[in-house]
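Notes follow once the structure below has been shown.
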Ligand SMILES: Cc1ncc(COP(=O)(O)O)c(C=O)c1O
């Protein structure tokens, strides 16, 4: 470890708390260095952002338009505002990040009305959406205008392209649009083994929030418009929502490094494989119950609270539902097999105590 006094952490220490705990992928840092130097026009009129349009179109088709933003909450709030009118509402899973983990930003910043429905495995279906998709002409009701789904979901599950197509058909038949929170979209594509467009553009998604940070970027996400006619005033909404980066070239250069080659897929495939390894090992430990299908980079498990507390002191992670003894273990692009095996050994020890 370097003795540089400005380094305040151990760069070899990793845990299972969050894919956001990871640093940036070296290829991303190299791309930032390459994009540095000289002057480039600010606020997105730079050469990197111009080139990024082609990078995203290669994945999502010729109509796609990309709007880089700072973070995932911002991407969601911008996207949902662009899809709805002031009297509109967004149907979403009760477990969705927009409902549970954005500090009310959709409501406070976006003036959006959310209509959450319980979704046991994190996935919406036409039947679940139907619970709130009604009363379109009832002035007493916020008008359901958007369905927002998350891929991969907050519970680590993944929609198939057919499942998303069913959601989109149901929404479109009722005059609604579809937003996809793709904070972990790369993990979903890696899990399904299909191109990104197979469960987005080709499945009827209108706008998505594309995640970069959890997959090795330093910071930065993007709103990707797949149906240009479905949104209004994107540039204005991004600006007044405080998501317009002045030095946008540094968000765009990271996305190019992620998406022009296979870094996005390599990193996500690896993170998913580590989660599978973790889940397979955890299932073999008596008393540990793995809770949902492990289809992305997240593992949810139930174990006795005291064992969880002791384990947390050795390897960092969060309780998901502390009262129920439910924990969440996240893998990242830099999680190693040794990390997983050491964690499993500690899990076995603590469960046997
Ligand atoms: C599913 C999902 N959507 C959106 C976000 C928002 O990301 P940010 O923390 O960058 O606002 C997260 C972050 O944890 C997330 O898990």
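Taking residue 144 as meeting all but one of (1) assigned to a loop (DSSP other than H, G, I, E, B); (2) over 22 Å from the mean Cα position of the chain (by Cα); (3) buried (at least 23 other Cβ atoms within 10 Å of the Cβ), write down the number of the exception.
Here residue 144 meets the rest and fails (1).
Give the residues of the stretch 79-100 that are buried (at least 24 other Cβ atoms within 10 Å of the Cβ), within 14 Å of the ligand (Cβ to nearest atom) and not in a strand (DSSP E or B), sorted by residue number.
Once the filter is applied, which keeps residues that are buried (at least 24 other Cβ atoms within 10 Å of the Cβ), within 14 Å of the ligand (Cβ to nearest atom) and not in a strand (DSSP E or B), the stretch 79-100 yields 79, 80, 96, 98.
If I filter the stretch 59-75 down to residues being touching a residue at least 24 places away in the same chain (Cβ under 8 Å) and more than 16 Å from the ligand (Cβ to nearest atom), which single residue comes out as nearest to residue 246 (Cα to Cα)?
Kept after step one, since they are touching a residue at least 24 places away in the same chain (Cβ under 8 Å), are these residues of the stretch 59-75: 59-61, 63-75.
Those left that are additionally more than 16 Å from the ligand (Cβ to nearest atom): 59-61, 63-66.
Details: 59: 26, 60: 26, 61: 27, 63: 25, 64: 22, 65: 19, 66: 16 Å.
Here the residue is 66.
What is the one condition in (1) under 23 Å from residue 155 (Cβ atoms); (2) within 20 Å of the chain's Cα centre (by Cα) that residue 289 does not satisfy?
Answer for residue 289: the failing condition is (2).
Counting residues that are within 15 Å of the ligand (Cβ to nearest atom) and closer than 25 Å to residue 17 by Cα, which helices (runs of 4 or more DSSP H) fully inside the stretch 193-284 reach at least 2?
Details: elements: 234-240, 249-259, 263-283.
By residue number, 249-259, 263-283.
Which of the residues belonging to the stretch 4-19 are out of contact with any helix residue (DSSP H, G or I) (no Cβ under 6 Å at 6 or more places or on another chain) and either closer than 30 Å to residue 340 by Cβ or in contact (Cβ under 8 Å) with a residue 40 or more places away in the chain (or both)? Steps first, answer last, please.
So the first thing to find is which residues in the stretch 4-19 are out of contact with any helix residue (DSSP H, G or I) (no Cβ under 6 Å at 6 or more places or on another chain), and the list is 4-13, 15-18.
Correct list: 4, 7, 8, 9, 10, 11, 12, 13, 15, 16, 17, 18.
Check whether at least one residue in the stretch 131-142 is more than 16 Å from the ligand (Cβ to nearest atom), touching a helix residue (DSSP H, G or I) at 6+ places or on another chain (Cβ under 9 Å) and over 15 Å from residue 76 (Cβ atoms), and report yes or no. Lay out the reasoning, then the answer.
Within the stretch 131-142, the subset more than 16 Å from the ligand (Cβ to nearest atom) is 131-142.
Among the residues that remain, those that are also touching a helix residue (DSSP H, G or I) at 6+ places or on another chain (Cβ under 9 Å) are: 133.
With the extra rule that they be over 15 Å from residue 76 (Cβ atoms), the set shrinks to 133.
Yes: the stretch 131-142 contains one or more residues that are more than 16 Å from the ligand (Cβ to nearest atom), touching a helix residue (DSSP H, G or I) at 6+ places or on another chain (Cβ under 9 Å) and over 15 Å from residue 76 (Cβ atoms).
Would you pick out the residues in the stretch 107-129 that are under 10 Å from residue 89 (Cα atoms) and either modelled with pLDDT under 95 or over 19 Å from the mean Cα position of the chain (by Cα) (or both)?
111, 112, 113, 115
For (1) surrounded by fewer than 21 Cβ atoms within 10 Å (Cβ to Cβ); (2) within 16 Å of the ligand (Cβ to nearest atom); (3) farther than 26 Å from residue 257 by Cβ, each residue gets a yes or a no:
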residue: 17; (1), (2), (3): yes, yes, no
residue: 24; (1), (2), (3): yes, yes, no
residue: 54; (1), (2), (3): yes, no, no
residue: 103; (1), (2), (3): yes, yes, yes
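Would you please name the residue that is nearest to the ligand (Cβ to nearest atom), looking only at residues in the stretch 167-188 that are more than 21 Å from the chain's Cα centre (by Cα) and in a helix (DSSP H, G or I)?
As a first pass, look at the stretch 167-188 and keep what is more than 21 Å from the chain's Cα centre (by Cα): 169-176.
Then keep just the ones that are in a helix (DSSP H, G or I); that gives 169-173.
Values: 169: 23, 170: 22, 171: 19, 172: 23, 173: 26 Å.
Only one residue tops the list, namely 171.
Of the conditions (1) touching a helix residue (DSSP H, G or I) at 6+ places or on another chain (Cβ under 7 Å); (2) in a helix (DSSP H, G or I), residue 124 fails just one. Which one is it?
(2)
Any chance the stretch 26-38 includes a residue that's in contact with a helix residue (DSSP H, G or I) (Cβ under 8 Å, 6 or more places away or on another chain), surrounded by fewer than 18 Cβ atoms within 10 Å (Cβ to Cβ), part of a loop (DSSP other than H, G, I, E, B) and on the phi > 0 side of the Ramachandran plot?
no
Inside the stretch 111-120, can you point out the residues that are surrounded by fewer than 24 Cβ atoms within 10 Å (Cβ to Cβ) and either more than 15 Å from residue 171 (Cβ to Cβ) or within 14 Å of the ligand (Cβ to nearest atom) (or both)?
Initial filter on the stretch 111-120 (surrounded by fewer than 24 Cβ atoms within 10 Å (Cβ to Cβ)): 111, 113-120.
Within the stretch 111-120, 111, 113, 114, 116, 118, 119, 120 meet the criteria.
Could you go through the stretch 124-147 and let me know if any residue there is within 21 Å of residue 18 (Cβ to Cβ) and either touching a strand residue (DSSP E or B) at 6+ places or on another chain (Cβ under 6 Å) or in contact (Cβ under 8 Å) with a residue 60 or more places away in the chain (or both). Steps first, please.
Within the stretch 124-147, the first condition is being within 21 Å of residue 18 (Cβ to Cβ), and the residues that meet it are none.
No - not one qualifying residue is present in the stretch 124-147.
The values are calculated or read from the model by the stated rules, or taken from the named source; none is laboratory data. Not measured: the values here are computed from a predicted model. With ideal geometry, Cβ positions are generated from the backbone for all residues, glycine too; neighbour counts draw on all protein chains shown.
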